[in-house]
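Colleague: Encoded as structure tokens, here's the structure I'll be asking about.
The values are calculated or read from the model by the stated rules, or taken from the named source; none is laboratory data. Everything numeric in this text was worked out from a predicted model, so none of it was measured. Using ideal geometry, Cβ is built from the backbone for each residue, glycine included, and neighbour counts are taken over all protein chains shown.
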Amino acid sequence: MSSYYETANVLGRHKVRYYRCPACGFIQTEPPFWLAESYKAPMTSYDLGGISRPTLNSVLTKAVVNWFFDAGGRFLDFGGGYGVFTRWMRDQGYDFFHYDQHCPNLFAGGYEADISGSVRYELVTAFEVFEHIAEPARTVAHLLSISDSILFSTELLPVPAPPIADWWYYAPEHGQHIGFFTRTALEKLAARFGANYYTSDGPTHLISRWHISEKTFQFVLRPKVRALVNRYYRRKSLLDEDFAIAMRLAKKAAEQLTKSSTPTRPVRPQ
């Protein structure tokens, strides 16, 4: 049973109560009634990493995939924003698909993911998503029903947990961050579904039904190591193939539009 932690001013006008689990340290807001307001602009003006973050995440994702997973499999980027990461991973030769309930898919159109359960994925990525989730257990349960592994990023709560005003990641200014994890909380979350939890001892984490060495996981994520791994494992870009498909679809759409259009006679001047 969670206990009251603190009250903060969210979006500058909502008095919101935060609660902390005494068993695992997880901190979460009260039920987030303000989210529709927070997501009027899906990407906040505070988030300045919308371009650089997908590029950096692609480097570590490629290393993890190349070392631990089948690089020729199908992948899902969950909470993928405007689709920059999905497009970039496809350009690098990895068959990624995009899903985000709040953001339009601007850069990976045609590669929207099916998360109904009819398609399985080799790996799900979810960068800077977990802190946005109102029901983490329910979301993780669903993701682990379509994949055995989730590679994600979220900042771990410092120890001891800081007041709301003293840690930037709470971010009550935009109100989109509503859940904050400790290592113990993520371990318990993974164990609930018979999975294992691995961490970089930083913001990068893996929940997987596969058994791997956490030391190896941390080793592969080192900047010099992941650069070497990615240099050795190179894949053919999907860009040309995706472009050809896009052109065929555009041509087909234009032909259908031409067939369905009724030609009009020019009006003779009187």
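Colleague: Determine which member of the set 52, 58 is among the small types (Gly, Ala, Ser) and modelled with pLDDT under 90.
Modeller: Selected residue: 52, the only one of 52, 58 that is among the small types (Gly, Ala, Ser) and modelled with pLDDT under 90.
Colleague: Could you pull out the residue among 99, 94 that is surrounded by 14 or more Cβ atoms within 10 Å (Cβ to Cβ), of a type in the set (Ser, Thr, Tyr) and under 20 Å from residue 231 (Cα atoms)?
Modeller: Step by step, each of 99, 94 is checked, and only 94 is surrounded by 14 or more Cβ atoms within 10 Å (Cβ to Cβ), of a type in the set (Ser, Thr, Tyr) and under 20 Å from residue 231 (Cα atoms).
Colleague: What number of residues in the stretch 81-117 are within 15 Å of residue 146 (Cβ to Cβ) and either basic (Lys, Arg) or part of a loop (DSSP other than H, G, I, E, B) (or both)?
Modeller: Matching residues across the stretch 81-117 total 5.
Colleague: Taking residue 253, is it of a type in the set (Gly, Ala, Ser), out of contact with any helix residue (DSSP H, G or I) (no Cβ under 6 Å at 6 or more places or on another chain) and surrounded by 17 or more Cβ atoms within 10 Å (Cβ to Cβ)?
Modeller: Criteria not met by residue 253.
Colleague: Right, here's the next one. Evaluate the stretch 138-161: report whether one residue or more is over 17 Å from the mean Cα position of the chain (by Cα) and within 20 Å of residue 212 (Cβ to Cβ).
Modeller: no
One line per residue, one yes/no per condition, for (1) farther than 21 Å from residue 30 by Cα; (2) part of a loop (DSSP other than H, G, I, E, B); (3) of a type in the set (Asp, Glu):
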| position | (1), (2), (3) |
| --- | --- |
| 174 | no, yes, no |
| 194 | yes, yes, no |
| 201 | yes, yes, yes |
| 216 | yes, no, no |
| 225 | yes, no, no |
| 236 | yes, yes, no |
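Colleague: Looking at the stretch 128-162, which of its residues are surrounded by fewer than 16 Cβ atoms within 10 Å (Cβ to Cβ) and aliphatic (A, V, I, L, M)?
Modeller: Passing the criteria: 134, 137, 141, 159.
Colleague: When you check residue 16 against the structure, is it assigned to a strand (DSSP E or B) and farther than 19 Å from residue 143 by Cβ, yes or no?
Modeller: The answer is yes for residue 16.
Colleague: It is to be established whether one or more residues within the stretch 140-154 are closer than 23 Å to residue 52 by Cα and assigned to a loop (DSSP other than H, G, I, E, B).
Modeller: Yes, the conditions are met somewhere in the stretch 140-154.
Colleague: If you don't mind, there's one more thing I want to ask. Among the residues of the stretch 15-26, write down those that are among the hydrophobic types (A, V, I, L, M, F, W, C) and exposed (fewer than 12 other Cβ atoms within 10 Å of the Cβ).
Modeller: Correct list: 23 only.
Colleague: Checking the conditions here, which among 86, 55, 61, 29 is touching a Phe, Trp or Tyr at 6+ places or on another chain (Cβ under 9 Å) and exposed (fewer than 15 other Cβ atoms within 10 Å of the Cβ)?
Modeller: 55
Colleague: Sticking with this structure for a sec: Based on what the data block shows, is residue 140 in contact (Cβ under 8 Å) with a residue 40 or more places away in the chain and touching a Lys or Arg at 6+ places or on another chain (Cβ under 9 Å)?
Modeller: For residue 140, the condition - in contact (Cβ under 8 Å) with a residue 40 or more places away in the chain and touching a Lys or Arg at 6+ places or on another chain (Cβ under 9 Å) - is met.
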